[in-house]
Amino acid sequence: MMRVSMRVNGAQTEAEIEPRLLLVHYLRNTLGLTGTHWGCDTSNCGACTVWLDGLPVKSCTTLAAMADGHEVRTVEDLADGDSLDPVQQGFMQEHGLQCGFCTPGMLMTARALLDRDPDPDEATIREAISGNLCRCTGYENIVRAIRWAAEHQAAQAREEAAL
Amino acid sequence: MTATEVPAPDDTRTPGGNPLGFGRMLRKEDARFLRGQGRYVDDVVLPGMLHGAVLRSPYAHARLVSIDTSAAEAHPRVKAVITGQTLESLNLAWMPTLSGDVTAVLATDKVRFQGQEVAFVIAEDEYSARDALELIDVEYDPLPAVVDAKHALDPDAPVIRDDLEGRTDNHIYDWEAGDAQACEEAFAKADVVVSEDIIYPRVHPAPMETCGSVAHMDKVTGKLTVWTTTQAPHAHRTVYALVAGLPEHKIQIISPDIGGGFGNKVGIYPGYVLSIVGSIVTGAPVKWMEDRSENLMSTSFARDYHMHGDIAATKEGKILALRVNVLADHGAFNGVAQPTKFPAGFFHIFTGSYDYPAAHCKVTAVYTNKALGGVAYACSFRITEAVYLVERMVDCLAFELKMDPAELRMKNLLRPEQFPYTSPTGWEYDSGDYPRALSEAMRIAGYDDLRREQAERRAAAESDPSVPLMGIGLSFFTEGVGAGPRKHMDILGLGMADGCELRLHPTGKAQLRLSVQTQGQGHETTFAQIVSHVLGIPPEDVEVLHGDTDNTPFGLGTYGSRSTPVSGAAAAVAAQRVKDKARLIAATSLECSVDDLEWEHGRWFVKGDPTKGQTMAEIAMAAHSSLELPEGVEGHLDASVVYNPPNLTYPFGAYICVVDVDRQTGVVKVRRFIAVDDCGPRINPMIVEGQIHGGLADGVGMALMEVIAFDKEGNNLGGSFMDYLLPTSLECPSWELGMTVTPSPHHPIGTKGVGESATVGSPAAVVNAVLDALQIRAADMPFTPAMTWRALQGRPMRPDLAIE
């Protein structure tokens, strides 16, 4: 057993864990943050995507021990109270989700994309989400959802600048 | 409400900003999913919950010599180990399949496919449970495996099912439909006959969420509660009662949020049963979730049809007859999930969308040393295979006649005046305008321009091998969805009719209870819109309840695109009954005759005096008040319905796919995909389009990437997402959708199902496009670069077996 501590969604967490514990299980089982899903074991599906120090990682192939002393962010942290992040709003407006299982991973990937490229074109979006599988949407509306988020956060930024 | 009424566009918006009735409406369920607050089976945590893990067979076919569980039982965190022997003592080692066969819960005599369940460990945590699997010592005596279905009936083939008394071969059934004699005659006088072997390889639905369950047997109350990944919670409850002898009123099946089903979550898997047995044995709740390899290797596969088609036509391209012989690989147990009287599902709808008098099919099903299943993956009970067959055969005919495949299809499509149309194999298509749909798809595609571009490219490619080969593929499909009627269709004797209950509370807010279960289709939104459409109350005032057998009426569940055709009709009829009853109550309140009342959205009012009327909310309050109601009218405002569909609904569509094939690498790129779907009126166009998008991705996946193949020992070669390839955002183009609207004449609101249409219709379009690019008549999917390259060399491979 070993002790790990990491900030998750801005809050300090600490636990005694087996060294082999996967980050996805630390989040889901140890902390009860079940928004992050598990889908494949092999880094292919991306349902488990979370941020580690600001970068999206597949938490099913990351050990919790590797996150010791680091910063983790999950889907539960995207909304600011009742106010949804633009990517969350975009997924709703453009029907970018159906069963909802891939959604948390998609959202974390999308948020990371827009943070580094606030105005991505369709090809850039498709490239960015190509490590996240979705079986329901055929990706069309996910691409549109991310474009929606890009446009609306830009408009929001312009409005805020004008005030 | 007339049967064929297309709802008039209504711009009325509700206080919540939603359409009143049909129209684009954002989904109610999104609020929780977007925040990571969905509640899936694996999110269920109960006090004292234990974790189960399944030991699986490494062999495709082997005799079980011995199992030693003592080391596993000695593991400090292990609570119990269950083997086939344990289950035999409870008479639970075998369970019935949905097709009149039995399947092993845990193997007792032999293992019959790689990944078959051999033992179940229950421990305090999942990691320990899986550790303990390693401590179980199983001695196997390997046997030769039957891997190639084409050799399953060889005289010297090993007999897989020697557990069945008197069984001396691997034959399951022969089944026929259509008129063989009429076919013979049509073929005899045909100018052209084209024959082809076509494999629809084994694929897997692979929803993002794997299968699992949490079972809790409360020993004090005797109540069994099971949170489980099921598309059919009520059917599962009944099956558990029948199989395990548990009292049905003490079983509650909860199907919470489901991370995609696509047919994978119809069947009952050993893991579900083992979690229940585990809870009974340990007295604690037991969770079992399969991992991805387990999902791909052991739960329901789809397809695996080896087809030989013959098509007969005149030299002008008028189709005269189609016949097909199918060798169906059912795996080691016949666990196909389809209506009892239809052993090959609805495959005999293979005559498709065309007008010709003679057709015949013969299906021979065999056992092999592979996982069981067969009907899964959005197939509409094998209409996927049927559409693939006819659409490939029509293209083969076009190839031989050197005729444009669009022209050949247009020449043979059923005409609108032929509906309702009885097909040569006995299906009654309810409504359709097929030429209109094909014309619309060709218009959106710019078909003639595409053909011109293709001719130019081909000319350029002659001198330059780096110019990609361009292919244009078509498919036209007719689906049949919404099973029953109950007199023709049942599963394990349970007639395919579904219940629905609608209740308006005193303040006029409604609850709708459904037997069907969403796996992402958006029922909580769509069904609220159906009630809104009929009653004129805002959809945000209608709460849809589903997925809990204690709180919903009985019904067969969601698969075969049956939710809207069956339960959607039930909801509409229930709402109509509430509306009719509301009229009686309003007449009493307003002290007028019932005939004096007129309806406008959400309100009964007195003819000629619109100010004198009552809204549904006012009527609901009156229905619960001290108002004296007329004789025969009970208080409250509710209705319950069991809807027995008179026929299937028959959605249809025309698809066109454009691909570019790199001759030097065999890489296929889908450049465009045009899909014109007709599913009748669209309740929520946004959701319908989303359903179609998903199915089109399935088509690209199956045509280009997805296959579960086996090596000669029967090792599954598709056991992870590194081996079983699913389409990503990069393989999918931006879909181009079109629509026509032909209502179903027998559905109360004219709607047809749509959930599986695109999965059914699209694979043939992609394959036809690839073959059009390669300018060869036939080769089997999936067109991975290697398969495409081999086809280009004139040496196409079988996709279902490992490369020798």
Worksheet item: From the list B:ARG24, B:ARG32, which residue is within 14 Å of another protein chain (Cβ to nearest Cβ) and either surrounded by 18 or more Cβ atoms within 10 Å (Cβ to Cβ) or part of a loop (DSSP other than H, G, I, E, B) (or both)?
Response: B:ARG24
Fill in: Output for the range B:290-311, where each listed residue is farther than 18 Å from B:TRP175 by Cβ and surrounded by 24 or more Cβ atoms within 10 Å (Cβ to Cβ)
B:ASN295, B:LEU296, B:MET297, B:SER298, B:THR299, B:SER300, B:PHE301, B:ALA302, B:ILE311
Discussion item. From the list B:LEU535, B:LEU597, B:LEU545, exactly one residue is buried (at least 18 other Cβ atoms within 10 Å of the Cβ), modelled with pLDDT of 95 or more and more than 18 Å from B:ASN684 (Cα to Cα). Which is it?
Written reply: B:LEU597
Response to the item:
Out of (1) part of a loop (DSSP other than H, G, I, E, B); (2) in contact with a strand residue (DSSP E or B) (Cβ under 7 Å, 6 or more places away or on another chain); (3) not hydrophobic (A, V, I, L, M, F, W, C), the one B:ASP772 does not meet is (1)
Practice prompt. Tell me which of these A:ALA79 doesn't satisfy, since it passes every other one: (1) touching a Lys or Arg at 6+ places or on another chain (Cβ under 7 Å); (2) at the interface with chain B (Cβ under 9 Å from one of its Cβ atoms); (3) buried (at least 24 other Cβ atoms within 10 Å of the Cβ).
Written response: (3)
Worksheet item: Would it be correct to say that B:THR507 is surrounded by 17 or more Cβ atoms within 10 Å (Cβ to Cβ) and either basic (Lys, Arg) or part of a loop (DSSP other than H, G, I, E, B) (or both)?
Response: no
Fill in: Extreme residue, surrounded by the fewest Cβ atoms within 10 Å (Cβ to Cβ), among residues of the range B:708-720 that are among the hydrophobic types (A, V, I, L, M, F, W, C) and over 21 Å from the mean Cα position of the chain (by Cα)
B:LEU717
Practice prompt. Hand me the list of strands (runs of 3 or more DSSP E) wholly inside the range B:273-372 holding 3 or more residues that are under 30 Å from B:SER213 (Cα atoms) and touching a residue at least 60 places away in the same chain (Cβ under 8 Å).
Written response: B:286-289
Discussion item. Tally up the residues in the range B:209-245 that are closer than 16 Å to B:TYR559 by Cβ, in a helix (DSSP H, G or I) and out of contact with any strand residue (DSSP E or B) (no Cβ under 7 Å at 6 or more places or on another chain), please.
Written reply: 2
Worksheet entry | Odd one out for B:VAL741 among (1) over 26 Å from B:GLN116 (Cα atoms); (2) touching a strand residue (DSSP E or B) at 6+ places or on another chain (Cβ under 8 Å); (3) not assigned by TED's automatic domain parsing to the domain that holds B:ILE444 | (3)
Worksheet item: Residues in the range B:254-266: is at least one aromatic (Phe, Trp, Tyr), within 30 Å of B:ASN716 (Cα to Cα) and assigned to a loop (DSSP other than H, G, I, E, B)?
Response: yes
Worksheet item: What number of residues within the range A:53-78 satisfy the criterion of being polar (S, T, N, Q), assigned to a helix (DSSP H, G or I) and either more than 14 Å from the chain's Cα centre (by Cα) or over 20 Å from A:CYS40 (Cβ atoms) (or both)?
Response: 1
Practice prompt. Output the number of residues of the range B:445-463 satisfying the condition of being over 35 Å from the mean Cα position of the chain (by Cα) and in contact (Cβ under 8 Å) with a residue 12 or more places away in the chain.
Written response: 5
Response to the item:
Checked B:PRO763, B:PRO743, B:PRO785, B:PRO727 against criteria (surrounded by fewer than 21 Cβ atoms within 10 Å (Cβ to Cβ) and touching a residue at least 12 places away in the same chain (Cβ under 8 Å)); the one match is B:PRO785
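The values are calculated or read from the model by the stated rules, or taken from the named source; none is laboratory data. Everything numeric here is computed off the predicted structure, so don't read it as measured data. We place every Cβ from the backbone using ideal geometry, glycine too, and count neighbours over all the protein chains shown.
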